[in-house]
Amino acid sequence: MAKAIMIQGTMSNVGKSVVAAGLCRIFHQDGYRVAPFKSQNMALNSFITKEGLEMGRAQVMQAEAAGVEPLVAMNPILLKPTNDVGSQVIVNGEVLGTMNARDYFKMKKSLIPDIMKAYDDLDREYDIIVIEGAGSPAEINLKQDDIVNMGMAKLAKAPVLLVGDIDRGGVFAQLYGTCELLEPDEKELIKGLVINKFRGDKSILDPGVEMLESLTGIPVVGVTPYLHVSLEDEDSLSERLEGGSMTPELIDLAVIRLPRISNFTDFNIFESMEGVSIRYVSSVRQLGHPDLIFLPGTKNTMRDLLWMRQNGLEAAILKAGQAGTVIFGVCGGYQMLGRTITDAEGVEEGGTIRGMGLLDMDTVFESEKARTRVEGRFLAPGGILKGLSGVPFAGYEIHMGRTSPADHSTVQSGMRPDEPETFAFRTFSDGTKPSSIRDDSAEEISSLTAITDLISGERKTDGAWEGNVYGTYVHGIFDREEVAEAIVRCLLAEKGISENMGKTMDFAAFKETQYDLLADGLRANLDMKAIYRILEEGIRCCR
């Protein structure tokens, strides 16, 4: 059986995922076979495994740090918020349904067998399991039905390290208050405290550390610094999403920060490129005049499109497109670029709304989710990004819509009441209509990519382009350095600048260096002897 250790936090975004990833890397470096685990993850950044199952990207990142293949058993329950009170519930990688918070809380303990089966599968195959909690274990209104913090620690017989965030202030109150709100048997599970994101002279902190240990009776096993490493973020609390007003670099890329943005990890590779800035913007004022605008994935395409329509971003993007700015939509962003979005089955909002009209495509939502890994190549797009032609890529699809060429014979009678009664799709300055995907190979130049479904083996075309507007369903399509470099090279050429700029290293190799930097930073500031002792001793409670 595997040894287990659990990382819990005093609140969200204290660094649990990063500390867990760092421990995965350290144990891996020390020769152990390590698996991450999080029983229940609430996040919009997700991933498709080789088996075609969906899991949270935080555990994918931790699996990469551990040097192992991501498995859905590492995250048996994934909650993807669809609005402020409800989420899509994914169990063992497949959609169970969409539930409001109250209904989910009533039934979630029935999922414990699924959680424990997943955990036991890992328990048989690995030496160490690093478990991550969620939010805070001291949410006293939720503790009774907990399956992700102390409830999970008891099920796994896992000792707990409690992490607090000093960068936000009040770290001693965070740690002490959390401990005091726990039941005695829960507090007994905490074997070490960690003060995270520290900046400054540690000696000034030492008196407080001694008092905290005296008050709680729990040792502080580390004061870890604010580590400047580039890792994937779990959700919308990511600090990288706050860069809307940063000073643009030579090549300025803007990602629309939709309220329900998902899989924004698609754009991380551009952060490592010289002379390239990637900004997340949520207002017309922040948008400015970028070289390329990304419309990212979203868990609610219709509602987020209406949000852009109401705050003026849609009009600003259309204006930028008319001026020749490159616009690139991924998944939900691709759906927005079309003529209409129809939701007859009530997957999102119901009804039909008009899209942005930049591609002559219609999207119809379906209840069954597409989940697959793909490999492919760009076909022969025109416009500024014509240099993508023939470039290979790999990625994955996660969507509940089908996008196809527009049917101009269809009367737009299903428009929602808040939409115009008439609909006219956009034409371009030369009078042509947007190109769109075709099923026959003779017309595939209008499709953006040719892909192979690695689950079913099916070969097909995906996405569409017209002028300088491009769209695809493939997440991770930019992760290969050939793709990112080709895009930047095209944008540089448009500016008349040498293509020798905008180089990046192999993205997978770059991530490996970041995991090593993380491990080095934690090793230097955690008492690893104490942590190995905690891991070895475990706890004395039973399932």
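For S283, the stated conditions do not hold, so it cannot be described as hydroxyl-bearing (S, T, Y) and within 21 Å of the chain's Cα centre (by Cα).
Residues in region 1-18 that are within 20 Å of E139 (Cβ to Cβ) and surrounded by 24 or more Cβ atoms within 10 Å (Cβ to Cβ): M6, I7, Q8, G9, T10, V14, K16, S17. If you go through region 272-293 and keep only what is buried (at least 21 other Cβ atoms within 10 Å of the Cβ), farther than 30 Å from T352 by Cα and touching a residue at least 60 places away in the same chain (Cβ under 8 Å), you end up with M273, V276, D291. D114 fulfils the conditions (1) within 27 Å of the chain's Cα centre (by Cα); (2) at pLDDT 95 or above; (3) buried (at least 21 other Cβ atoms within 10 Å of the Cβ) except for a single criterion, (3). Taking (1) in contact with a Phe, Trp or Tyr (Cβ under 8 Å, 6 or more places away or on another chain); (2) within 24 Å of H399 (Cβ to Cβ); (3) β-branched (V, I, T) in turn, V281 satisfies each apart from (1). Determine whether D165 is open to solvent by 30 Å² or more (accessible area, probe 1.4 Å) and either of a type outside the set (K, R) or without any contact (Cβ under 8 Å) to a residue 40 or more places away in the chain (or both). Answer is no for this residue. What number of residues within region 342-355 are of a type in the set (A, V, I, L, M, F, W, C) and open to solvent by 10 Å² or more (accessible area, probe 1.4 Å)? Result for region 342-355: 2. Checked against (1) in contact with a Ser or Thr (Cβ under 9 Å, 6 or more places away or on another chain); (2) open to solvent by 30 Å² or more (accessible area, probe 1.4 Å), P296 passes all but a single condition, namely (2).
Residues that are hydroxyl-bearing (S, T, Y) and touching an Asp or Glu at 6+ places or on another chain (Cβ under 7 Å) were ranked within region 20-67; the one that is least open to solvent (accessible area, probe 1.4 Å) is S46.
If the condition is being over 22 Å from E132 (Cβ atoms), open to solvent by less than 30 Å² (accessible area, probe 1.4 Å) and modelled with pLDDT under 90, then region 186-245 contributes G243, G244. Evaluating G312 against the criteria (1) more than 29 Å from V483 (Cβ to Cβ); (2) buried (at least 20 other Cβ atoms within 10 Å of the Cβ) leaves one unmet condition, (2). Among residues of region 445-485 being part of a helix (DSSP H, G or I) and over 24 Å from the mean Cα position of the chain (by Cα), the one that is surrounded by the most Cβ atoms within 10 Å (Cβ to Cβ) is S446. The number of residues in region 325-341 being surrounded by fewer than 22 Cβ atoms within 10 Å (Cβ to Cβ) and either modelled with pLDDT under 95 or on the phi > 0 side of the Ramachandran plot (or both) comes to 0.
Results for (1) touching a residue at least 24 places away in the same chain (Cβ under 8 Å); (2) in a strand (DSSP E or B); (3) within 33 Å of the chain's Cα centre (by Cα), shown as yes or no for each residue.
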position: A173; (1), (2), (3): no, no, yes
position: D206; (1), (2), (3): no, no, no
position: L212; (1), (2), (3): yes, no, no
position: G222; (1), (2), (3): yes, yes, yes
position: E232; (1), (2), (3): yes, no, yes
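Kindly indicate the residue of region 30-47 that is among the hydrophobic types (A, V, I, L, M, F, W, C) and at pLDDT 95 or above and also farthest from T298 (Cα to Cα) among those meeting that condition. The selected residue is V34.
Taking first residues from region 304-330 that are in contact (Cβ under 8 Å) with a residue 12 or more places away in the chain and partners that are of a type in the set (D, E, K, R) and loosely packed, with under 13 Cβ neighbours inside 10 Å, the Cβ contacts under 8 Å between residues at least 6 apart in sequence or on separate chains come to L306/D418.
The values are calculated or read from the model by the stated rules, or taken from the named source; none is laboratory data. Just so it is clear, the model here is predicted, and its values are computed rather than measured. All Cβ positions, even for glycine, are placed from backbone atoms using ideal geometry, and neighbour counts span all protein chains on display. We work out accessible area using only protein heavy atoms, side chains counted, and drop any ligands, DNA or RNA first. Shrake-Rupley method; radii C 1.70, N 1.55, O 1.52, S 1.80 Å.
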